[in-house]
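Worksheet: one structure, shown below.
The values are calculated or read from the model by the stated rules, or taken from the named source; none is laboratory data. Since the structure is predicted, the reported quantities are computational estimates derived from the model, not experimental observations. FYI the Cβ positions are ideal-geometry reconstructions off the backbone, even for glycines, and counts take in every protein chain you see.
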There are 2 protein chains.
Amino acid sequence: MERQTRQRSAVLGALTGSGQTLTPQEICHLAQRGVPRLSLSTVYRQLKQLLEAGEVVPADLPGQPTRYEAVCELAHGRADHHHHHFHCDACDRVYPIHTCPGPMEDLVPRGFQVQRHDLTLHGRCAECASTGPA
Amino acid sequence: MERQTRQRSAVLGALTGSGQTLTPQEICHLAQRGVPRLSLSTVYRQLKQLLEAGEVVPADLPGQPTRYEAVCELAHGRADHHHHHFHCDACDRVYPIHTCPGPMEDLVPRGFQVQRHDLTLHGRCAECASTGPA
DNA sequence: CTACGTGCAAAAAGTTTGCAATCGC
DNA sequence: GCGATTGCAAACTTTTTGCACGTAG
């Protein structure tokens with residue numbers, strides 16, 4: 001069903017090309033390098049389709065606008081790869097964390113069923129930590 | 001500086017009274033039982049003051065509107081008590097988790113400095129798990 | 001009495017949708 | 001050519017702000 005439009009490849013290209021976890025705004029700016037008249041609505045619409053197609057996954061960090069990341073770049077080729085995020089408070093970039101502290105079932109009271117967990121680390125990335133160790 | 005207004009106690013009362021983690025909307029509805037003409041703006045303004053006063057802490061769950069919780073009820077009396085959250089996908093309630101999987105420094109690449117982490121568990125709470133085990 | 005707090009309405013920010021024009025297939 | 005996709009503008013949601021009135025101290 002999905003048509004191959006310039007906008008679609010520009011959106012996906014912005015994500016895979018950056019190898020990062022981006023907000024819709026950032027995606028729009030990046031993708032406009034290839035398609036100048038690209039609108040933010042189209043970015044949202046394409047993101048929705050790409051989500052359903054499993055080519056992109058959302059990364060909802062607490063207290064921030066939803067970001068998106070390309071599956072192929074960040075998930076090492078596995079569509080369902082479980083990973084977490086590191087948010088640099090200094091440069092506001094988001095890095096994938098491919099390790100996990102392990103099962104969480106023990107943390108909850110009796111009777112609770114844990115199906116999923118999100119972990120977000122905050123701090124300073126290597127670059128910002130070395131630049132200005134505030 | 002902070003004045004003791006009916007609105008202020010209604011907002012704080014809604015949080016402490018419920019013992020839950022609530023959205024500003026929920027707080028407003030609850031608090032309007034005592035102050036019917038309470039406006040949502042005032043809820044936000046009081047929440048901001050209560051945050052600064054350390055009587056309330058925000059709980060930003062990924063992909064959801066920000067919720068707030070009263071410190072005294074949920075943090076066992078310690079203003080800086082570190083805790084996490086369990087979100088029930090069925091009833092949409094949020095429960096505090098007072099345990100923690102432990103230090104997270106090992107998860108990040110060399111050079112990264114971890115200062116903080118947020119953990120959100122998702123699943124079904126005891127009540128919903130027993131009611132209808134979907 | 002005076003200044004902070006309140007309610008309302010409007011604004012800002014992020015996201016979704018309606019619609020006519022466009023473009024892939 | 002047909003129908004999905006696009007761009008624009010308007011709607012919607014969550015949160016913030018401007019302003020005149022109310023009220024605590």
> Does residue B:66 count as closer than 19 Å to residue A:105 by Cβ and surrounded by fewer than 17 Cβ atoms within 10 Å (Cβ to Cβ)?
Replying inline: no
> Does the range B:1-9 include one or more residues that are among the hydrophobic types (A, V, I, L, M, F, W, C), out of contact with any strand residue (DSSP E or B) (no Cβ under 7 Å at 6 or more places or on another chain), at pLDDT below 90 and within 16 Å of DNA strand C (Cβ to nearest atom)?
Replying inline: yes
>> Restricting to the range B:111-134, name every residue that is more than 7 Å from every other protein chain (Cβ to nearest Cβ) and either part of a loop (DSSP other than H, G, I, E, B) or crowded, with 20+ Cβ neighbours inside 10 Å (or both).
In response: B:128, B:132, B:133, B:134
> What are the residues in the range B:98-128 that are of a type in the set (Gly, Ala, Ser) and closer than 19 Å to residue B:85 by Cβ, if any?
Replying inline: B:102, B:123, B:126
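If you go through the range B:109-134, how many residues are in contact with a strand residue (DSSP E or B) (Cβ under 6 Å, 6 or more places away or on another chain) and of a type outside the set (Lys, Arg)?
Adding up the residues that qualify gives 13.
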> Is it the case that residue A:87 is under 21 Å from residue B:64 (Cα atoms), at the interface with chain B (Cβ under 7 Å from one of its Cβ atoms) and either assigned to a strand (DSSP E or B) or without any contact (Cβ under 8 Å) to a residue 40 or more places away in the chain (or both)?
Replying inline: no
> Do we have residue A:31 as within 16 Å of DNA strand C (Cβ to nearest atom), more than 14 Å from every other protein chain (Cβ to nearest Cβ) and farther than 24 Å from residue B:84 by Cα here?
Replying inline: yes
> In the range B:1-57, which helices (runs of 4 or more DSSP H) lie fully inside it and hold 3 or more residues that are surrounded by 14 or more Cβ atoms within 10 Å (Cβ to Cβ), at negative phi and within 9 Å of DNA strand D (Cβ to nearest atom)?
Replying inline: B:40-52
